[in-house]
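*Asks:* Quick one: this structure, given as structure tokens, is what I'll be asking you about.
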Amino acid sequence: MAPVFHGALSLLAAKAEIAIVDAKVEVTIDFGRDPVDGLFNLVAQVRVHLPGVEPGIAEELVRNTERFCRTRRWRARDRQRGRTRAAEWPAKL
């Protein structure tokens, strides 16, 4: 998942002409049970490090990447079907 998100982030940064030198994406995946329906689920925590990018620009870039990234769309689809998934996408600068 980290390479997918990093790739999408790099693509959108290039299109916006934003240099993201030394960008880093870290992902941890936990396996557990959904407290609502008891089914198994995966919980992804994604941390993005964009040194040298202004906080407002970094936040907007990460949010745009969330919308663009396919794995994020899967999460939105699950939410529409009544399944809850937790994920964090903070931009750490």
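*Asks:* Condition test on THR65, is it of a type outside the set (D, E, K, R) and in contact (Cβ under 8 Å) with a residue 60 or more places away in the chain? Explain how you work it out, then say what you get.
*Replies:* Values: of a type outside the set (D, E, K, R): yes; in contact (Cβ under 8 Å) with a residue 60 or more places away in the chain: yes.
Yes.
Residues checked against (1) in contact (Cβ under 8 Å) with a residue 12 or more places away in the chain; (2) of a type in the set (S, T, N, Q); (3) surrounded by 12 or more Cβ atoms within 10 Å (Cβ to Cβ); (4) on the phi < 0 side of the Ramachandran plot:
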| position | (1), (2), (3), (4) |
| --- | --- |
| GLY7 | no, no, yes, yes |
| ALA14 | no, no, no, yes |
| GLU17 | no, no, no, no |
| ILE20 | yes, no, yes, yes |
| VAL27 | yes, no, yes, yes |
| ASP34 | yes, no, yes, yes |
| LEU39 | yes, no, no, yes |
| HIS49 | yes, no, yes, yes |
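*Asks:* Among (1) modelled with pLDDT under 80; (2) more than 10 Å from the chain's Cα centre (by Cα), there is one condition THR71 misses while meeting the rest; what is its number?
*Replies:* Among (1) modelled with pLDDT under 80; (2) more than 10 Å from the chain's Cα centre (by Cα), THR71 violates only (2).
*Asks:* Would you pick out the residues in region 23-46 that are of a type outside the set (A, V, I, L, M, F, W, C) and under 19 Å from VAL62 (Cα atoms)?
*Replies:* Answer for region 23-46, where residues must be of a type outside the set (A, V, I, L, M, F, W, C) and under 19 Å from VAL62 (Cα atoms): LYS24, GLU26, THR28, GLN45.
*Asks:* What is the residue count in region 32-56 for residues that are assigned to a strand (DSSP E or B) and either under 14 Å from the mean Cα position of the chain (by Cα) or under 20 Å from PRO3 (Cα atoms) (or both)?
*Replies:* Number of matching residues: 8.
*Asks:* Which numbered condition in (1) of a type in the set (S, T, N, Q); (2) surrounded by fewer than 15 Cβ atoms within 10 Å (Cβ to Cβ); (3) at pLDDT 85 or above is the only one that ASN64 fails?
*Replies:* (2)
*Asks:* Checking the conditions here, which among GLU17, GLU59, GLU26 is charged (D, E, K, R) and assigned to a strand (DSSP E or B)?
*Replies:* Of the residues listed, the single one that is charged (D, E, K, R) and assigned to a strand (DSSP E or B) is GLU26.
The values are calculated or read from the model by the stated rules, or taken from the named source; none is laboratory data. The structure displayed is predicted, hence computed values, not measured ones. With ideal geometry, Cβ positions are generated from the backbone for all residues, glycine too; neighbour counts draw on all protein chains shown.
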